[in-house]
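The values are calculated or read from the model by the stated rules, or taken from the named source; none is laboratory data. Predicted model only: the values in this text are computed from it and were never measured. Glycine gets a Cβ as well: all are built from the backbone with ideal geometry, and neighbour counts include every protein chain shown.
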Number of protein chains: 2
Amino acid sequence: MVKKVAIVGGTHGNELTGVYLVKKWQKDPSQIKRSNFETITLLANPKAVKLCRRYVEKDLNRSFSIQALSKPDNKYESKRAVELNAKLGPKGAKSTNVDFILDLHTTTANMGLSLVVSSQSELTWKAVKYLCAKEPSLKVYRWRGDEEDSFVDSIVPNGFAIEVGPIPQGVLRSDLFFKTQTLTYHLLDFFQKLNDKKELSECERKIEIYDHVKLIDYPRDENGEIAGLVHHERQDRDFEPVKKGDPLFETFDKRTISYEDDEELYALFINEAAYYEKGFAMTLAKKMTL
Amino acid sequence: MVKKVAIVGGTHGNELTGVYLVKKWQKDPSQIKRSNFETITLLANPKAVKLCRRYVEKDLNRSFSIQALSKPDNKYESKRAVELNAKLGPKGAKSTNVDFILDLHTTTANMGLSLVVSSQSELTWKAVKYLCAKEPSLKVYRWRGDEEDSFVDSIVPNGFAIEVGPIPQGVLRSDLFFKTQTLTYHLLDFFQKLNDKKELSECERKIEIYDHVKLIDYPRDENGEIAGLVHHERQDRDFEPVKKGDPLFETFDKRTISYEDDEELYALFINEAAYYEKGFAMTLAKKMTL
């Protein structure tokens, strides 16, 4: 039985879709109300929202590891993570304050409508399958390793992030705003049906997912500065295969840098603004059936 | 005779195309070298570049009015404006340190390859015409009123900004990076030919320009908060006409707000991230032949 669901916006203060959806629902909660469970909404990083920046001092969405929560430093986001953990979790407890966390993000990459899932819980993957049935264009990225246990939605055992793009930071796009809204309503409908013990044939089908393999950084010079661009033939081609010899980057003097591995993988989060400082230009994933 | 040209990048620290072009040319100036004049390059707002933000305390590209320069406040950008004015100008002097300023910008709007021109000088408009001949896709926006005298390129009588988009803030796109580079090289070639007194038939032709008329703000609520989105039928349609009855915005509950004026105008800078805080969602311009 799902009793309480949290919809989180503004984990990154410059990803406005989640910010304005949450503000909308806080003004008028009627559309997120369902009869057999409670839904709460919150802005995770209000200070960053006000500044329209990803974060103030550190990335809030990398601040929820058990270690970070138990020994928080003095940064704004570290303290905010402790507050959110108390409100929604606490993490690792047998019983948490909410059963599911939906975290609303956007990306500058051409990710379309997608989910980033680190949770391995049965409830989470049932929900994923339900949404894939409702939104055939939805892509699913299973993110493992690389700080998966530090995300907002890792506070509780069930949850994931919606990532939609391409949207520049600090911008609202009508098309992706309403698609995110629709997907959220589908998720709430799923919990309602589940609680009502309705038959959910949507959750029985197989789905294709993209399973995280590794990160690829930009070419860099001896000072660690970016020394090239995502190749124009690769730009915007998220969820497409990368084969040996395919161009990945071009240097500022137009020399091509190609993919040299034998294994065919799929490129995701290509040229996401926030990942320049994190040191990756795209992620590579394996396509598989679940 | 053009003796000295300044190419400026990083006036806005999160518009990376200009930042990385300037860095590239500072490492290897061979491609911007011409035989009969000098070209200098500079990063206008290095502190903002380092933070990958538009500005630190205030918009540098609104800091060059005579008034602001003569009575600068204590903000970082105000002091930086005084330094740049001394280096490139000074503004209003009979003889300035450089003859022409090219300022490199990007926009999240679908502006393609465009020029924003406030200068009325003959040299400036000759250069505009030359570039239009070399790059037929180039659009020209004549920006008047609304702080035109506060731009970096207003320090000297001749100059303009290149605006290319759509590019998210904090992102480099290969296609628009190299288009900006090519346009810059054409401009330098123009000065070279002009100094050589070559015949410039390119500057004799008529061009179409978009002449600034007014700014249109987002719908806002009683607290000044954004209460709607650029309509999905308007998004990305920069340089297209807006007629009476055309949808401009949709509210968060999907009510359409239409354009109600009789005068047919053209929409530009639609949904530019940096203009949310300035209070406009797009600008409207008249199309005319020069």
Filtered residues of region B:1-17 (kept if away from chain A (no Cβ under 13 Å) and assigned to a helix (DSSP H, G or I)): none
Residues that are more than 13 Å from B:GLU77 (Cα to Cα) and in contact (Cβ under 8 Å) with a residue 40 or more places away in the chain, drawn from region B:20-45: B:TYR20, B:LEU21, B:VAL22, B:GLN31, B:ILE32, B:ARG34, B:SER35, B:ASN36, B:PHE37, B:THR39, B:ILE40, B:LEU42
Which listed residue, of A:GLY112, A:GLY92, is on the phi > 0 side of the Ramachandran plot and under 19 Å from the mean Cα position of the chain (by Cα): A:GLY112
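Can you name every residue in region B:245-281 that is on the phi > 0 side of the Ramachandran plot and either touching an Asp or Glu at 6+ places or on another chain (Cβ under 7 Å) or surrounded by 18 or more Cβ atoms within 10 Å (Cβ to Cβ) (or both)? Spell out how you get there, then give the answer.
Filtering region B:245-281 for residues on the phi > 0 side of the Ramachandran plot gives B:245, B:254, B:269, B:271, B:279.
Scanning region B:245-281 gives B:PHE269, B:ASN271, B:GLY279.
Being in the same structural domain as B:PRO29 (by TED's automatic domain parsing), closer than 23 Å to B:PHE37 by Cα and within 24 Å of the chain's Cα centre (by Cα): is that true of B:LEU183 here? It would help to see each step written out before you state the result.
On the way: in the same structural domain as B:PRO29 (by TED's automatic domain parsing): yes; closer than 23 Å to B:PHE37 by Cα: yes; within 24 Å of the chain's Cα centre (by Cα): yes.
When the stated conditions are applied, B:LEU183 passes them.
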Yes/no for A:SER174 being closer than 30 Å to B:PHE249 by Cβ and without any contact (Cβ under 8 Å) to a residue 60 or more places away in the chain: yes
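Being modelled with pLDDT of 95 or more and under 20 Å from B:GLU38 (Cα atoms) is the requirement here; does B:ASN85 meet it? Break it down stepwise before answering.
Values: modelled with pLDDT of 95 or more: yes; under 20 Å from B:GLU38 (Cα atoms): yes.
Spelling it out, B:ASN85 is indeed modelled with pLDDT of 95 or more and under 20 Å from B:GLU38 (Cα atoms).
Give me the residue from region B:67-107 that is of a type in the set (Ser, Thr, Tyr) and in contact with a strand residue (DSSP E or B) (Cβ under 6 Å, 6 or more places away or on another chain) and, out of that set, nearest to B:THR283 (Cα to Cα).
Within region B:67-107, the subset of a type in the set (Ser, Thr, Tyr) is B:70, B:76, B:78, B:95-96, B:106-107.
Then drop every residue that is not in contact with a strand residue (DSSP E or B) (Cβ under 6 Å, 6 or more places away or on another chain), which leaves B:106-107.
Numbers: B:THR106: 16, B:THR107: 13 Å.
Ranking the qualifying residues of region B:67-107, first place goes to B:THR107.
A quick yes/no check of all residues on (1) in a helix (DSSP H, G or I); (2) within 30 Å of B:VAL56 (Cα to Cα); (3) out of contact with any Pro (no Cβ under 8 Å at 6 or more places or on another chain):
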position	(1), (2), (3)
A:ILE40	no, no, yes
A:ARG80	yes, yes, yes
A:GLU83	yes, yes, yes
A:SER95	no, no, yes
A:ASP103	no, yes, yes
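Which one is farthest from A:ALA86 (Cα to Cα) among residues in region A:138-152 that are out of contact with any His (no Cβ under 8 Å at 6 or more places or on another chain) and in contact (Cβ under 8 Å) with a residue 60 or more places away in the chain?
We begin by selecting, within region A:138-152, every residue out of contact with any His (no Cβ under 8 Å at 6 or more places or on another chain); these are A:138-140, A:147-152.
Checking the rest, the ones that are also in contact (Cβ under 8 Å) with a residue 60 or more places away in the chain come to A:139-140, A:147, A:149-152.
Working: A:LYS139: 32, A:VAL140: 29, A:GLU147: 20, A:ASP149: 16, A:SER150: 15, A:PHE151: 15, A:VAL152: 12 Å.
It comes out as A:LYS139.
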Boolean, A:LEU176 is out of contact with any Pro (no Cβ under 6 Å at 6 or more places or on another chain), crowded, with 16+ Cβ neighbours inside 10 Å and not in a strand (DSSP E or B): yes
Residue within region B:46-66 that is in contact with a strand residue (DSSP E or B) (Cβ under 9 Å, 6 or more places away or on another chain), within 14 Å of chain A (Cβ to nearest Cβ), closer than 22 Å to B:ALA86 by Cβ and touching a residue at least 60 places away in the same chain (Cβ under 8 Å) present: no
Among (1) within 15 Å of the chain's Cα centre (by Cα); (2) part of a helix (DSSP H, G or I); (3) away from chain B (no Cβ under 14 Å), the one test that A:LYS193 misses: (1)
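Please work out if A:ASN110 is farther than 24 Å from A:HIS212 by Cβ and assigned to a loop (DSSP other than H, G, I, E, B). It would help to see each step written out before you state the result.
On the way: farther than 24 Å from A:HIS212 by Cβ: no; assigned to a loop (DSSP other than H, G, I, E, B): yes.
The answer is no for A:ASN110.
Please work out which residue is nearest to B:VAL8 (Cα to Cα), limiting yourself to region B:26-41 and to residues that are touching a strand residue (DSSP E or B) at 6+ places or on another chain (Cβ under 9 Å) and surrounded by 13 or more Cβ atoms within 10 Å (Cβ to Cβ).
Let us first name the residues in region B:26-41 that are touching a strand residue (DSSP E or B) at 6+ places or on another chain (Cβ under 9 Å), namely B:26, B:29, B:32-34, B:37-41.
Still in the list and also surrounded by 13 or more Cβ atoms within 10 Å (Cβ to Cβ): B:26, B:32, B:34, B:37-41.
Working: B:GLN26: 11, B:ILE32: 13, B:ARG34: 17, B:PHE37: 17, B:GLU38: 14, B:THR39: 11, B:ILE40: 8, B:THR41: 6 Å.
Only one residue fits best here, namely B:THR41.
Given the structure, is B:SER174 over 21 Å from B:THR17 (Cβ atoms) and of a type in the set (S, T, N, Q)?
Working: over 21 Å from B:THR17 (Cβ atoms): no; of a type in the set (S, T, N, Q): yes.
Against the criterion (over 21 Å from B:THR17 (Cβ atoms) and of a type in the set (S, T, N, Q)), B:SER174 does not qualify.
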Any hit, region B:149-164, residues being assigned by TED's automatic domain parsing to the domain that holds B:HIS105, in contact with a Cys (Cβ under 8 Å, 6 or more places away or on another chain) and within 20 Å of B:LEU60 (Cβ to Cβ): no
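Looking at B:LEU16, B:LEU42, B:LEU60, B:LEU21 in this structure, which one is within 20 Å of B:TRP143 (Cβ to Cβ) and hydrophobic (A, V, I, L, M, F, W, C)?
Only one candidate qualifies: B:LEU60.
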Residue pairs meeting the criteria (Cβ under 7 Å; at least 6 apart or on separate chains; first free of Cβ contacts under 8 Å to residues at least 12 places away in the same chain and within 14 Å of chain B (Cβ to nearest Cβ), in region A:101-123; second in a strand (DSSP E or B) and among the hydrophobic types (A, V, I, L, M, F, W, C)): none
